[in-house]
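**Q** Quick one: the structure is below, questions incoming.
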Amino acid sequence: MCATCGCAGDEQAGHLHEDGTWHEHGGPGHGDGRTVTLAEKVLARNDALARQNRDWLRERGILALNLMSSPGAGKTTLLERTAAGLAGELALGVIEGDQETTLDADRMRAAGCQVVQVNTGTGCHLDAVMVRDALTRLGPPRGSVVVIENVGNLVCPALFDLGEAHRVVLASVTEGADKPVKYPHMFRSADLVLITKTDLLPYLDFDLARCTGDLAKISPAATVLPVSARAGNGFAEWYDWLRVLVRGDDPPESPHGLRPAPTS
């Protein structure tokens, strides 16, 4: 079971619904319709703290992004290239979330970023308390950008507001085109979906049209942008997306008609 949110229990313990309520299995009183409200309270407390984080960031003019994906989709590599490409233009701070190690934090420090590592142990996501404490340690300057690189997981991070202004979700072509339909809650919450590792498309059976079409149904308002950190494809558009947000404008639509159109 997740030590933080109880998102995956055994058959006897129960299960967490997508709305955040925990439903008991077995034991006395099973079948009487009782729902344990512990998970609701956890999420409510988290949301209250996330609002405080959001106010703190807004007062300082800091843009915070929640970067989420499955493990290995390319979050850290994206940030390394971004730090190099926007060096001298944007002050970039990173909160690194992982269960163990400082491997990604070390990479981001080598790229010239201020970094705070958060190790969650058995926890499968960051929460607003962790981010509040990390922001205090990071001390980002006014007008900077803070990227919260969440724990690699396409399930639990989607449930927890951290106080971010926007959510960016990565889906690599090596994972297959079906990830949006298999993990709809994660992609439904995204403001931007980056389809990563597109330099590998010639070697894979990945249907880009299918993936963007599924996103149109699941999250019609999300911008979709294929990128390759190795080749640099799509990074000019990614940088423009960041620049617009730093200026305080509405995020731009993705180029080349890749923003999914609403479906009937």
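The values are calculated or read from the model by the stated rules, or taken from the named source; none is laboratory data. No experiment lies behind these values; they were computed from the predicted model shown. Here the Cβ is made from the backbone with ideal geometry for all residues, glycine too, and neighbour counts use every protein chain on show.
**Q** Quick check on my filter: what residues within region 216-233 are closer than 17 Å to residue 177 by Cβ and assigned to a loop (DSSP other than H, G, I, E, B)?
**A** The answer is 219, 222, 227, 228.
**Q** For region 74-120, give me the residue count where each residue is among the β-branched types (Val, Ile, Thr), over 21 Å from residue 246 (Cα atoms), surrounded by 19 or more Cβ atoms within 10 Å (Cβ to Cβ) and in contact (Cβ under 8 Å) with a residue 40 or more places away in the chain.
**A** 1
**Q** Right, residue 100: closer than 13 Å to residue 65 by Cβ and not aliphatic (A, V, I, L, M) or not?
**A** So residue 100 does not fit the description; no.
**Q** Select from region 235-249 the residues that are in contact (Cβ under 8 Å) with a residue 40 or more places away in the chain and either hydrophobic (A, V, I, L, M, F, W, C) or more than 15 Å from residue 92 (Cα to Cα) (or both) and list them in ascending order.
**A** 235, 238, 241, 242, 245, 246
**Q** Let me spell it out: the conditions are (1) farther than 26 Å from residue 198 by Cα; (2) not in a strand (DSSP E or B), and residue 151 meets all of them except one. Which number is the exception?
**A** Tallying (1) farther than 26 Å from residue 198 by Cα; (2) not in a strand (DSSP E or B), residue 151 fails exactly one: (1).
**Q** Are there any pairs with C-beta distances below 9 angstrom linking a residue in region 194-206 that is surrounded by fewer than 24 Cβ atoms within 10 Å (Cβ to Cβ) to a residue that is among the hydroxyl-bearing types (Ser, Thr, Tyr) and in a helix (DSSP H, G or I), with the two at least 6 apart or on different chains, and if so which?
**A** Note: pairs meeting the criteria are 200/174; 204/174; 206/174; 206/198.
**Q** Quick one: in region 176-187, of everything that is in contact with a Phe, Trp or Tyr (Cβ under 9 Å, 6 or more places away or on another chain) and part of a helix (DSSP H, G or I), which residue is surrounded by the most Cβ atoms within 10 Å (Cβ to Cβ)?
**A** Here is the first cut: in region 176-187, the residues in contact with a Phe, Trp or Tyr (Cβ under 9 Å, 6 or more places away or on another chain) are 176-177, 179-181.
From the residues that got through so far, the ones that are part of a helix (DSSP H, G or I) too are 179-181.
Values: 179: 24, 180: 28, 181: 14.
Residue satisfying both the conditions and the ranking: 180.
**Q** Among the candidates 171, 190, 158, single out the residue that is modelled with pLDDT of 95 or more, part of a helix (DSSP H, G or I) and surrounded by 17 or more Cβ atoms within 10 Å (Cβ to Cβ). Give the steps one after another, and end with the answer.
**A** Details: 171 fails: part of a helix (DSSP H, G or I); 190 fails: part of a helix (DSSP H, G or I).
So the residue among 171, 190, 158 that is modelled with pLDDT of 95 or more, part of a helix (DSSP H, G or I) and surrounded by 17 or more Cβ atoms within 10 Å (Cβ to Cβ) is 158.
Residue-by-condition table, conditions (1) hydrophobic (A, V, I, L, M, F, W, C); (2) touching a Gly at 6+ places or on another chain (Cβ under 9 Å):
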residue	(1), (2)
101	no, no
111	yes, no
114	no, yes
128	yes, yes
131	yes, yes
145	yes, yes
149	no, yes
156	yes, yes
159	yes, yes
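Yes or no, residue by residue, for (1) β-branched (Val, Ile, Thr); (2) free of Cβ contacts under 8 Å to residues at least 60 places away in the same chain; (3) in contact with a Leu (Cβ under 6 Å, 6 or more places away or on another chain):
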position	(1), (2), (3)
125	no, no, no
131	yes, no, yes
137	no, yes, no
160	no, no, no
167	no, no, no
182	no, yes, no
189	no, yes, no
